[in-house]
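Student: Take this structure first; my questions come after.
The values are calculated or read from the model by the stated rules, or taken from the named source; none is laboratory data. From a predicted model like this one, the values you see are computed outputs, not experimental measurements. Counting neighbours? That spans all protein chains shown, and the Cβs are built from the backbone with ideal geometry, glycine included.
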Amino acid sequence: MDFDLKTLGPAGASGEKCDALVVLVMQGAALGKDALSRLVAQALKAGDLETKPGHLLQAWRSAGIAAPRLLLVGCGDATGAQVRTAVQGAVAALRASKVRRLTLCLPAQAGDDAVRAAVIAVADASYTYVTTKSNGEGRKIEQVSIGVANADASRQAFEQAAATVKGIELAKEWANRPPNHATPTHLGEAAKALAKAHGLECEVLGPREVAKLGMGSFMAVAQGSEEPLRFIVLRYNGAAKGDAPLVLIGKGITFDTGGISIKPSAEMDEMKFDMGGAASVLGAFRAVAQLRPSINLVGLIASCENMPDGRAVKPGDVVTSMSGQTIEILNTDAEGRLILCDALTYAERFKPKAVVDIATLTGACVVALGAVRSGMFASDDDLAQALQAAGDAALDPCWRMPLDDDYAEGLKTNFADVANIAGRAGGAVVAAKFLQRFTKAYPWGHLDIAGTAWKGGVAKGSTGRPVGLLVEFIMGQQGEPPAKPVRKAARHK
Ligand code: BES
Ligand code: MN
Ligand code: ZN
């Protein structure tokens, strides 16, 4: 799907040659004398069109309008969220049609938020997964022109959104692929291909290299599977060599059966999405490769399957992590933290200005925040604020959760330095407290995307979240001074 941006008022929009013209109608907008404006004014007056976000009026071959299909859609005050609702409605209405070229005309007052929301929502609402369907017909819409009052003024927001779409769609593609089509090996190859196509650096480590690094915790999770683990290192260098990088870490469990602590069968297929964090790291790199921000970025993906097997790790086993800390694995289903802790230790070698891990980590986070906001934890207030603001701006929101040390009490054990589970209460926080033990060397953020990375039910599929948040966050980190050391800035300790 290709996007372009053009300066387009209502008069210009009337003459647009496309298969469908979608016009977003704002509350209280001044209307001119051209054919389109008059039509809008009449429809509003007759009560057949409302400016309520998403309210839709369709017409065919309207007088004075070049496009055969015309959709007038209310968009309220044209905030990002309202534009998203409006565009979702319009694209849903066109889903069964043959429309290939679409022009989407935003109100003259639309700001950058509206432009970004429009681009991302068109892509999101028209996305179709095809890879493993034999008659895979993709989305019909091929070309989308976004019409704004001043294309030059909206250019930057538009470019960021178009790149974000590429990232979101890469993340969706990999997260949606069935687990036998998205193994750790496949993810490693995808990272290599991404790097090759876009001038990134990529290194993929296998079991031997990972053993040499001493990643005993990661290896313990992988040992129950026939599929070899992969540890992926991606690098984008957009700043001076000595500039401390930002490090993103993705949980890449390509299938989570729970291991010996096996999960119930119902909806277990959805555990193919347990590499959503890894997919979002790939997606963020896809966008960054296109946007070329002046920042150094490292991406780490720890990827393996979590399977039951004669050789699988057992409840009660004690393993030694790369940090040297020993871990008693009391529940093999709490595997995400076991692979992430070694990646967090590995991240130290980059002397990062901040590390953010992204993981479908806990069912408890789904209970706490549902599918609306991702759980966000940070050892540093500035980092927390930046993540929160990025999520809000990208309409991919997160919510800060606490990190009081009291939440770590239940992780104490007589047989190792730490256990991998505590009681059920506050499970998302307990998981974060476990991870925090491995992050003392840098400011650290953690996004628990268990509730936001995919949808179940009839609309089952990856959401591509939190690629939008990550791209916004990364773009905002350009030229930032290094974040303050974690010990001084910590609030939730
Ligand atoms: N991948 C799951 C978390 C998950 C569960 C995400 C359901 C989305 C929906 C994770 O590996 C897991 O199994 N976590 C356990 C931890 C528990 C054993 C402490 C959980 O949340 O039940
Ligand atoms: Mn699990
Ligand atoms: Zn998992």
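Student: Filter the stretch 229-263 for residues that are among the β-branched types (Val, Ile, Thr) and closer than 21 Å to residue 307 by Cα; which is nearest to ligand 1 (Cβ to nearest atom)?
Tutor: 253
Student: Another question, then. Name the pairs: first residue in the stretch 255-274 and in contact (Cβ under 8 Å) with a residue 12 or more places away in the chain, second residue aromatic (Phe, Trp, Tyr), Cβ to Cβ under 7 Å, at least 6 apart or on different chains?
Tutor: Within 7 Å, the pairs are 270/454; 271/255; 272/255; 273/454; 274/255.
Student: Which condition number does residue 270 fail, the rest of (1) within 13 Å of ligand 1 (Cβ to nearest atom); (2) surrounded by fewer than 24 Cβ atoms within 10 Å (Cβ to Cβ); (3) farther than 20 Å from residue 175 by Cβ being met?
Tutor: Looking at each condition in turn, residue 270 falls short on (3).
Student: Okay, next question. Quick one: what pairs do we get from the stretch 122-136, first residue part of a loop (DSSP other than H, G, I, E, B), second surrounded by fewer than 11 Cβ atoms within 10 Å (Cβ to Cβ), C-beta under 6 Å, 6+ apart or different chains?
Tutor: Within 6 Å, the pairs are 130/136.
Student: Moving on. Against the definition (within 19 Å of the chain's Cα centre (by Cα), away from ligand 2 (no atom under 13 Å from the Cβ), in the same structural domain as residue 185 (by TED's automatic domain parsing) and crowded, with 22+ Cβ neighbours inside 10 Å), how does residue 229 come out, yes or no? Spell out how you get there, then give the answer.
Tutor: On the way: within 19 Å of the chain's Cα centre (by Cα): no; away from ligand 2 (no atom under 13 Å from the Cβ): yes; in the same structural domain as residue 185 (by TED's automatic domain parsing): yes; crowded, with 22+ Cβ neighbours inside 10 Å: yes.
Judged against the criteria, residue 229 is not a match.
Student: Here's something else I'd like to know. May I ask you to verify whether residue 96 is among the hydrophobic types (A, V, I, L, M, F, W, C), more than 19 Å from residue 166 (Cα to Cα) and assigned to a loop (DSSP other than H, G, I, E, B)? Let's see the steps before the verdict.
Tutor: Working: among the hydrophobic types (A, V, I, L, M, F, W, C): yes; more than 19 Å from residue 166 (Cα to Cα): yes; assigned to a loop (DSSP other than H, G, I, E, B): yes.
Judged against the criteria, residue 96 is a match.
Student: Restricted to the stretch 5-21, and to residues that are in contact with a Lys or Arg (Cβ under 8 Å, 6 or more places away or on another chain) and assigned to a strand (DSSP E or B), which residue is surrounded by the most Cβ atoms within 10 Å (Cβ to Cβ)?
Tutor: Looking at the filtered set, the residue picked out is 21.
Student: If I filter the stretch 446-467 for residues that are at pLDDT below 95 and farther than 18 Å from residue 175 by Cβ, do I get at least one hit?
Tutor: No, the conditions are met nowhere in the stretch 446-467.
Student: Which of the residues that make up the stretch 302-332 are assigned to a strand (DSSP E or B) and either among the hydroxyl-bearing types (Ser, Thr, Tyr) or outside the structural domain of residue 415 (by TED's automatic domain parsing) (or both)?
Tutor: If the condition is that a residue be assigned to a strand (DSSP E or B) and either among the hydroxyl-bearing types (Ser, Thr, Tyr) or outside the structural domain of residue 415 (by TED's automatic domain parsing) (or both), then 303, 320, 326 are the ones that fit.
Student: Search the stretch 243-260 for residues being of a type in the set (Gly, Ala, Ser) and within 19 Å of residue 284 (Cα to Cα), and hand back the single one that is farthest from ligand 3 (Cβ to nearest atom).
Tutor: Ranking the candidates gives 244 first.
Student: While we're looking at this one, here's another question. Test residue 209 against the criterion of being assigned by TED's automatic domain parsing to the domain that holds residue 470, within 16 Å of ligand 2 (Cβ to nearest atom) and either more than 16 Å from residue 183 (Cα to Cα) or among the charged types (D, E, K, R) (or both), and give yes or no.
Tutor: Here the answer is no, as residue 209 does not meet what is asked.
Student: Within the stretch 253-284, track down each residue that is within 13 Å of ligand 2 (Cβ to nearest atom), farther than 13 Å from residue 360 by Cβ and either assigned to a helix (DSSP H, G or I) or not assigned by TED's automatic domain parsing to the domain that holds residue 190 (or both).
Tutor: 268
Student: If we keep just the residues of the stretch 327-340 that are of a type in the set (Val, Ile, Thr) and more than 16 Å from residue 410 (Cα to Cα), which is nearest to ligand 2 (Cβ to nearest atom)?
Tutor: This residue is 332.
Student: Which residues, counting only those in the stretch 415-431, are more than 16 Å from ligand 3 (Cβ to nearest atom) and closer than 20 Å to residue 216 by Cα?
Tutor: Within the stretch 415-431, 415, 416, 417, 418, 419 meet the criteria.
Student: Hey, another quick one. Out of the stretch 20-35, which residues are in contact with a strand residue (DSSP E or B) (Cβ under 9 Å, 6 or more places away or on another chain) and either of a type in the set (Ser, Thr, Tyr) or under 15 Å from residue 148 (Cα atoms) (or both)?
Tutor: Result: 21, 22, 23, 24, 25, 26.
Matching residues to (1) assigned to a strand (DSSP E or B); (2) loosely packed, with under 15 Cβ neighbours inside 10 Å:
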site	(1), (2)
3	yes, no
23	yes, no
27	no, no
30	no, yes
39	no, no
51	no, no
59	yes, no
67	no, no
91	no, no
